[in-house]
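Read-outs: derived from the displayed coordinates by stated rules, not from any lab. Quantities reported herein were computed from a predicted structural model and do not represent experimental measurements. Cβ placement follows ideal geometry from the backbone for every residue including glycine, while neighbour counts extend to all protein chains displayed.
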Amino acid sequence: MTSTLLRRFDRDKIRPALALLRPDVAYPLPDDVTVHVLGYRGAHTFLATARRLRRLIEATEPDVVLSNVNATSLVTGWALRGAPRRPRWVARIGAHPQENDRGIRKVVARRVYGRADRVVVNSRGLGEAVAAHYPWLVDAIEYVPNPTDFELIDALAQEPPPLQRPTGTPVIVAVGRLFRPKRYDLMLRAFAEVLSACSAELWICGDGPERRALRRLSSRLGIEGSVRWLGFVDNPYTVMRQADLFLMTSENEGLPNALIEAQGLGLPAVSTDCPHGPGEIIEDGGTGLLVPVGDATGIAGATTRLLLDEPWRVEVGRAARSKVRDQFDAVELTAAWERCLLATDKR
């Protein structure tokens, strides 16, 4: 999302710069964007990182600071405490605070979020959750979905893929970090049930702390020969382009970019109807199928139905492409972000 906005902002309206907690850049950045690295190395460096950000804000005197997702919003809110010249602050919350703002993070969040001039959420369900968790923010919450650069995705999808799909075997693709909230353990159990009904391969793009445990689980389930562990893929769109179906089994989300991108490439999807986002992206039965959270058998059944009915699968994929491109295209949503950032109201 950040990369898309930085590339698409109208430079006659906005001159952007980027501050990173760590020197990790996985997406393309425009040449005219200055990048500052704050040197965050874990919770013990939180205060030092906030001080560095405060000094950067004082030195560069921005009109607006946009903090992207919960963790950077906490650093930003702390940095702005006592700032002699406080810029307008737009805090974007991209995940359910009940799941992400725990322990000391919850304490900090309650102290700093009230200073935000605007709190942007990327799904309506998440907005309701934030309002329930932080009721004093109700008047500051604004819904602006993630802008998706389908023009760029279409071009990247045509690049050479890291592997070729097998002839005559349907391919299911999943994209995301291998950690507990994504519930890849559930996905593997569901996929084992799929294989009892039809042949298929599951291609997983992503890495994370659960990789070894998940590979051991796939071995115990006897499905390791049908699962491809691709790790972090710089260009997952070449993988998506070859797939027949996108699968997501998360227990919570904000607004899953990978699901939007896959649907935009014409993939029907099977997803858990988790809070928040999938139910706002997928039209159940029309552009994909929604299944209750934690229901491996339901996931397997929905996946099998789509795999075995190719004409329906193609029809659903075509409808998915049309729907998400209308709903999440970067042109209109970048303009919405510009309006949000250029507003002059301050709390």
_From phi via Karplus (6.51, -1.76, 1.60), per-residue ³J(HN,Hα) for region 30-36 in Hz, x at Gly/Pro_ = x, 5, 8, 9, 6, 10, 10
*asked:* For the chain, take the longest principal axis of its alpha carbons; what is the angle in degrees between that and the long axis of helix 70-79, to the nearest 10 within 0 to 90?
replied: 10
*List the trypsin sites (Lys or Arg not before Pro) in region 42-114 that DSSP assigns to loop (not H, G, I, E or B) and whose Cβ has at most 15 other Cβ atoms within 10 Å. Which are they?*
Arg81, Arg85, Arg102
*Any idea which of Ala243, Trp136, Phe46 is furthest toward the positive side of the dipole for the chain, if Lys and Arg beta-carbons carry +1 and Asp and Glu beta-carbons -1?*
Phe46
*Rounded to the nearest 0.05, what FRET efficiency do Arg22 and Tyr143 give with R0 = 25 Å and r taken as the Cβ-Cβ distance? Could you check?*
0.30
*Hey, in the GNM for the chain with a 10 angstrom Cα cutoff, which one of Ala132, Ala116, Ala174 fluctuates hardest?*
Ala132
*Ranked highest first by the average count of other Cβ atoms within 10 Å around their residues, in what order do 286-298, 219-231 fall?*
286-298, 219-231
*HN-Hα J couplings of region 137-146 from phi, Karplus 6.51/-1.76/1.60, θ = phi - 60°, integer Hz, Gly and Pro as x?*
9, 3, 6, 9, 6, 9, 9, 9, x, 5
*Going by a ≥ b ≥ c, the root eigenvalues of the Cα gyration tensor, does region 253-347 fall in the rounded group (a/c under 1.5), the prolate group (a/b larger than b/c) or the oblate group?*
oblate
_FRET E, pair Glu310, Arg220, Förster distance 35 Å, beta-carbon r, rounded to 0.05_ = 0.65
*Could you give the angle, 0 to 90 degrees to the nearest 10, between helix 330-342's Cα long axis and the longest principal axis of the Cα atoms of the chain?*
20
*Multiply the residue gap between Arg86 and Trp229 by 0.36 nm, knock off their C-alpha separation, and tell me the result in nm, one decimal place.*
46.8 nm
*Evaluate E = 1/(1 + (r/R0)^6) for Ala197 and Leu163, where r is the Cβ-Cβ distance and R0 equals 30 Å; express this FRET efficiency to the nearest 0.05.*
0.75
*asked:* What do you get for the angle between helix 296-308 and the principal long axis of the chain? Use alpha-carbon atoms, 0 to 90 degrees, nearest ten.
replied: 60
*If you put +1 on each Lys and Arg Cβ and -1 on each Asp and Glu Cβ, how big is the dipole of the chain around its Cα centre, in Debye rounded to 20?*
1800
*Quick one: work out the % antiparallel among DSSP beta bridges in the chain, nearest 5.*
5
*Any idea what the relative contact order of region 1-110 is, in percent, if you count C-alpha pairs under 8 Å spaced at least 6 apart?*
20
*For a label point 7 angstrom out from the Cα of Lys13 toward its Cβ, which stretches of region 290-329 have the backbone nitrogen within less than 16 Å?*
329
*Extension reserve of the Asp284-Ala132 stretch, reckoned as 0.36 nm per residue once the Cα distance is removed*: 52.1 nm
*Can you tell me how much longer the chain between Asp31 and Ile104 gets when fully stretched, taken as 0.36 nm per residue apart minus their C-alpha distance, in nm with one decimal?*
22.6 nm
*Number of Lys-Lys pairs in the chain under 26 Å by Cα, sequence gap 8 or more or different chains?*
4
*For region 18-93, just list the percent of Cα-Cα distances falling in each 5 Å bin from zero outward, please.*
3, 15, 28, 27, 18, 7, 1
*Which shape class, rounded, prolate or oblate, goes with region 1-160 when its Cα gyration tensor gives a ≥ b ≥ c as root eigenvalues, a/c under 1.5 marks rounded, and past that a/b bigger than b/c marks prolate?*
oblate
*Hey, could you get me the Stokes-Einstein D for region 159-259, Kirkwood radius over alpha-carbon pairs, 4 °C and 1.567 mPa s, rounded to whole µm² s⁻¹?*
94
*Which whole-Hz ³J(HN,Hα) couplings does region 239-250 yield from phi under the Karplus relation 6.51 cos²θ - 1.76 cosθ + 1.60, θ = phi - 60°, glycine and proline marked x?*
6, 4, 4, 8, 7, 9, 7, 9, 10, 9, 10, 5
*For Val37, which sequence-distant residues (separation of 5 or more, or a different chain) have an amide H within less than 5 Å of its own amide H, given hydrogens modelled in the peptide plane?*
Leu20
*Quick one: which residues, 5 or more positions from Val291 or on another chain, have an amide H under 5 Å from its amide H? H modelled 1.01 Å from N in the peptide plane, none for Pro or chain starts.*
Ser271, Thr272, Asp273
